[in-house]
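In what follows, a single structure is set out as structure tokens and then discussed.
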Amino acid sequence: MDLKEYIRSIQDYPKKGILFRDITTLIKNEKAFTETINQIIEKSKKFKFDKIAAIESRGFVFASAISYLVKKPFIMLRKKNKLPAETHSIDFELEYGTATIEVHKDSIDENDSVLIIDDLIATGGTAEAAAKLVEISGGKVAAFIFVINLFDLNGSNKLSKKNYNVESLMDFPGH
């Protein structure tokens, strides 16, 4: 199954000049969604990990299914002020703005190996912030798995140069 056929491209969203790669057309198709989950699980077998973390919010769609199937705890990396208990926070730059993500301080234990899953990697700012959250929590990043890599925005390369393992299911140009 060619999963690329299930990704919708929307011009000038969320702002002019951006070609948005929409996963809603992938996840609304049960066969494509199942194949996506199966491919992520297959890629995850290369790595030893204790927990799965995902970046809000589209990463949750994939990571929660993976967590259930591989029977590993699921950790939510959320936008600022969305988690009720004590958190670690990281501010970072986005392709079109700035943001903050957080994790509960009790989510990741010392030396936990964490697989980070998200729907898409663009410039790598969000993913790098996610890695920092895992690390300041005492864990280490086992790998990143993305459904889509926007290869010409170099986020995947940025993570690889920092010695993170990076996998993706499909590549698209970013603009």
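The values are calculated or read from the model by the stated rules, or taken from the named source; none is laboratory data. Source: prediction; values computed, not measured. Cβ atoms come from the backbone with ideal geometry, glycine included; neighbour counts cover every protein chain shown.
Scanning the range 44-69 for residues that are over 20 Å from H104 (Cα atoms) and aliphatic (A, V, I, L, M) gives A65, I66, L69.
One line per residue, one yes/no per condition, for (1) buried (at least 23 other Cβ atoms within 10 Å of the Cβ); (2) at pLDDT 95 or above:
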| residue | (1), (2) |
| --- | --- |
| L83 | no, yes |
| L94 | no, no |
| G124 | yes, no |
| K132 | no, yes |
| K161 | no, yes |
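In the range 133-175, of all residues being polar (S, T, N, Q), touching a residue at least 24 places away in the same chain (Cβ under 8 Å) and assigned to a loop (DSSP other than H, G, I, E, B), the one that is nearest to I75 (Cα to Cα) corresponds to S137. Within the range 21-67, being in contact with a Phe, Trp or Tyr (Cβ under 8 Å, 6 or more places away or on another chain), surrounded by fewer than 19 Cβ atoms within 10 Å (Cβ to Cβ) and either basic (K, R) or farther than 17 Å from L3 by Cα (or both) holds for one residue alone: S64. Does I101 qualify as being among the hydrophobic types (A, V, I, L, M, F, W, C), under 17 Å from I66 (Cβ atoms), in contact with a strand residue (DSSP E or B) (Cβ under 9 Å, 6 or more places away or on another chain) and buried (at least 23 other Cβ atoms within 10 Å of the Cβ)? It is false that I101 is among the hydrophobic types (A, V, I, L, M, F, W, C), under 17 Å from I66 (Cβ atoms), in contact with a strand residue (DSSP E or B) (Cβ under 9 Å, 6 or more places away or on another chain) and buried (at least 23 other Cβ atoms within 10 Å of the Cβ).
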